[in-house]
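Take a look at the structure set out below.
No value in this document is a laboratory result; all are computed from the given coordinates. Here the structure is a predicted model, which means the values were calculated and not measured. Positions of Cβ are backbone-derived with ideal geometry, glycine not excepted, and every protein chain shown enters the neighbour counts.
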Amino acid sequence: MKPEYFLVLSALLFCIGMLGFLIRRNSLILFMSIELMLNASNLALVTFSNINGTLDGQTASFFVMVVAAAEVVVGLAIIITIFRTRRSASVDDLNLLKH
Amino acid sequence: MLIPMITAQAVAFWILAPLAVGLALGMALSSKPVHSALCLAGVMICLAMLYAALDAPFLFVTQIIIYTGSVMMLFLFTMMLIGVDTRESMADVVFGHRAATIILVIGLALMLGIAVGRGVVTGAAGLDAANSVNGGNVPGIAALIFGRYFFAFEATAALLITAALAAMVLAHSERLTPAERQRGRAARRIREYADKGAHPGPLPGSGVYARHNSNDYPALLPDGSVAEASVSPTLAARGVAIVESTGLSTLSREAYRAMTSVRAELHGQTPPALPGEPTAEAGVPATTEEASK
């Protein structure tokens, strides 16, 4: 099994995440697309770890997971705050900083 | 060797990779946010199993606990707070934005795929040696986290605490208007009754005079029409509740007709016409019903 296949899958998932991020308007789905991109890069890191025979890639992937969890917590809180003031989850409506 | 060696890793990859790509496309393209979230959870489980195939058992478990366990849970929770049925408009705001995006993403995918596929990787070294140094995958990662990457690990601890505090501060909201208590509510209802003639008492319950008393069945008024205040406006707006009166009032009309015809038979009178119904056909179905019996 060539390890390049895993890297190609990772690139494909990253591109799909980017597609979702660019064409959708709902802020929750934008956020999920970002999570997909982070996961894709995690897959690449784990594959690199397997290729090189060291565990540093897996450690880096673990750190990415921790940072992603923190990012999700703050991001969702921001989305809820924006929804409270603007009554909308669409990123098109976020053209003003105050309500 | 004529037959190429098929490893468990290859089997796992060729089953999980198409599944992951399909679910990822479903995440990016489905119109309902809940479907997107479920697709993303599927992608994360597929990735977790790929981690297991890549000799990363610790990350396999961590991926399932952190992503499908807590992150997707948070997403679904937020979705329920914001509203599940928030529709988004699919029209282009900037002209040609969608087409340009698709071209760009396909170009990026081709570029990355070709660059990675023609890489100079000559076989994987495998993790058996690295895992056996400290006696397993988890002790190996622990040796790295608490050794070489100790300060990064401490920084992530600070990051997590800060993020939790920030979320609490952002999600907290001050009350801008005083809470309406029982006395104030009663005064407001009487004031509305005096001003606009609004009914001051409680709203009618659902399903009264109807066949069911579940929340999505509106109550019927004595003349067979629907009491609109008896179902929640949310249910009516979503189309869950049946608020058209013709289908619902047929049963009570039939019951009324049967009762009046029995009474007319006993007293020797012609059955009276129903209030909401044309008089010409009022007696006809009753007599045919009796004839069929």
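Considering every pair of different Cα atoms, what Kirkwood radius, in Å, is found for segment B:112-179? Intermediate values should be presented prior to the final figure.
Numbers: mean 1/r = 0.0592 Å⁻¹.
For segment B:112-179, the Kirkwood estimate is 16.9 Å.
Segment B:105-180: which chymotrypsin sites (Phe, Trp or Tyr not before Pro) are DSSP loop and have at most 15 other beta-carbon atoms within 10 angstrom? Kindly include the intermediate steps, with their values, before the conclusion.
Values: sites: B:146, B:149, B:150, B:151, B:153; in loops: B:146, B:149.
Taking segment B:105-180 and a limit of 15 other Cβ atoms within 10 Å, the loop chymotrypsin sites (Phe, Trp or Tyr not before Pro) found are B:146.
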For this session: Report the trypsin sites (Lys or Arg not before Pro) located in segment A:1-98 that are in a DSSP loop and have at most 12 other Cβ atoms inside 10 Å of their Cβ, or state none.
Result: A:87, A:98
Exercise. In 10 Å bins starting at 0, how do the alpha-carbon pair distances of chain A split up by percent?
Worked result: 16, 36, 28, 15, 6, 1
Seminar exercise, completed: With bins of 10 Å, the percent of all Cα-Cα pairs of segment B:151-232 per bin from 0 is 15, 20, 19, 16, 14, 11, 5, 0
Seminar exercise, completed: Between the modelled labels at residue B:194 and residue B:128 (7 Å from Cα along Cα→Cβ) the distance in nm is 9.0
Problem set entry | Modelled FRET efficiency - R0 45 Å, residue B:35 with residue B:259, Cβ distances, 0.05 increments | 0.35
Exercise. Across segment A:38-53, in residue order, what do the Karplus-derived ³J(HN,Hα) couplings come to in whole Hz, using 6.51 cos²θ - 1.76 cosθ + 1.60 with θ = phi - 60° and x for Gly and Pro?
Worked result: 4, 5, 4, 5, 4, 4, 4, 5, 5, 5, 4, 4, 5, 5, 7, x
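Using the beta-carbon distance between residue B:6 and residue B:97 and R0 = 45 Å, what value does 1/(1 + (r/R0)^6) give for FRET efficiency, to the nearest 0.05? Provide the component values of the computation, followed by the final result.
Working: r = 44 Å, r/R0 = 0.99.
Step by step, r from the Cβ atoms, then E = 0.50.
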For this session: Report the full-extension gain for the segment residue B:187 to residue B:250: residue separation times 0.36 nm, less the Cα-Cα distance, to one decimal in nm.
Result: 18.6 nm
For this session: Pull up all non-local amide H partners of residue B:127: gap of 5 or more, or a different chain, and H-to-H distance under 5 Å with H placed in the peptide plane.
Result: none
Exercise. Each residue of segment A:5-17 in turn: what ³J(HN,Hα) in whole Hz from Karplus with 6.51, -1.76, 1.60 and θ = phi - 60°, glycine and Pro shown as x?
Worked result: 4, 5, 5, 5, 4, 4, 5, 5, 5, 4, 5, 5, x
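Using the beta-carbon distance between residue B:77 and residue B:111 and R0 = 45 Å, what value does 1/(1 + (r/R0)^6) give for FRET efficiency, to the nearest 0.05? Don't skip to the answer; put the middle values down first.
Numbers: r = 38 Å, r/R0 = 0.83.
With R0 = 45 Å, the Cβ-Cβ based efficiency is 0.75.
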Exercise. For segment B:163-179, what does the Karplus curve 6.51 cos²θ - 1.76 cosθ + 1.60, with θ = phi - 60°, yield as ³J(HN,Hα) per residue in whole Hz, taken in order and with x for Gly and Pro?
Worked result: 5, 5, 4, 4, 5, 5, 5, 5, 7, 7, 9, 7, 7, 8, 10, x, 5
